[in-house]
Amino acid sequence: MTDTLPENLQQQFRNAMASCAAGVHVITTDGAAGRYGITMTAVAPVTDEPPTVMLCINRKSAIIPVLEENQALCINVLSAKQQDVAEHFAGITKLSPEERFEYHIWHRGRLGQLQVEGALAHLHGQVVAQHEVGTHRVFYVEMNEIHVCAQVDNPALLYFRRRFRDLA
């Protein structure tokens with residue numbers, strides 16, 4: 001197996017993955033290394049015993065050293081009404097990483113991590129393992145605090161074919 005794929009195969013892979021609808025999340029971390037947040041779709045459950053989630057983050061992302069030092073985070077599962085949050089934390093709006101936190105209402109979870117008001121769920125956890133695969137760092141996060149929005153008629157924000165969409 002080679003270390004790199006032919007360019008056309010890489011683009012075909014990206015196009016195929018763009019055809020998979022994915023939930024949109026904003027990952028936030030706050031601690032000794034400061035606070036930071038990014039928009040992500042590469043978030044997947046691993047097991048419910050113990051509750052563990054996998055995050056796949058490009059190794060060039062500025063959140064990597066912050067997350068490695070802080071070790072704690074919150075996964076904010078965004079609702080369709082929160083596309084602006086997704087755009088801010090994806091860097092689409094050109095706000096600085098610190099300014100992104102100024103445009104929304106935030107609360108702290110029991111263990112101090114930031115959660116955005118109005119999200120469908122907040123999953124707080126600690127990084128328990130990580131490794132590299134290709135261009136990405138894979139983090140395994142064990143959950144220690146979970147809040148689910150009681151409002152069941154609020155649709156999820158999705159990312160499909162390189163555009164934000166809602167589940168409705």
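Descriptive notes on the structure:
- Of residues in the stretch 150-165 being among the hydrophobic types (A, V, I, L, M, F, W, C) and open to solvent by less than 30 Å² (accessible area, probe 1.4 Å), the one nearest to V26 (Cα to Cα): L157
- Selected residue [open to solvent by less than 90 Å² (accessible area, probe 1.4 Å), closer than 21 Å to T52 by Cβ and touching a Cys at 6+ places or on another chain (Cβ under 9 Å)] from H147, H136: H136
- Selection status of V85, crowded, with 20+ Cβ neighbours inside 10 Å and at pLDDT 95 or above: yes
- Selection of the stretch 112-129 for residues being of a type outside the set (A, V, I, L, M, F, W, C) and either free of Cβ contacts under 8 Å to residues at least 24 places away in the same chain or within 19 Å of T39 (Cα to Cα) (or both) yields Q113, Q115, E117, G118, H122, H124, G125, Q126.
- Residue match in the stretch 34-50 (condition: at positive phi and at pLDDT 95 or above): yes
- Some residue of the stretch 12-21 being open to solvent by 80 Å² or more (accessible area, probe 1.4 Å), assigned to a helix (DSSP H, G or I), modelled with pLDDT under 95 and among the polar types (S, T, N, Q): yes
- Residue in the stretch 62-71 that is in contact (Cβ under 8 Å) with a residue 40 or more places away in the chain, open to solvent by 30 Å² or more (accessible area, probe 1.4 Å) and under 20 Å from H131 (Cβ atoms) present: yes
- Checked against (1) without any contact (Cβ under 8 Å) to a residue 60 or more places away in the chain; (2) out of contact with any His (no Cβ under 8 Å at 6 or more places or on another chain); (3) surrounded by 12 or more Cβ atoms within 10 Å (Cβ to Cβ); (4) not in a loop (DSSP other than H, G, I, E, B), I92 passes all but a single condition, namely (4).
- Boolean, T28 is open to solvent by less than 50 Å² (accessible area, probe 1.4 Å) and modelled with pLDDT of 95 or more: yes
The values are calculated or read from the model by the stated rules, or taken from the named source; none is laboratory data. The structure presented is a predicted model; accordingly, all values stated were derived computationally and were not measured. Cβ atoms come from the backbone with ideal geometry, glycine included; neighbour counts cover every protein chain shown. Accessible surface is based on the protein model in full, side chains and every heavy atom, while ligands, DNA and RNA are left aside. Shrake-Rupley method; radii C 1.70, N 1.55, O 1.52, S 1.80 Å.
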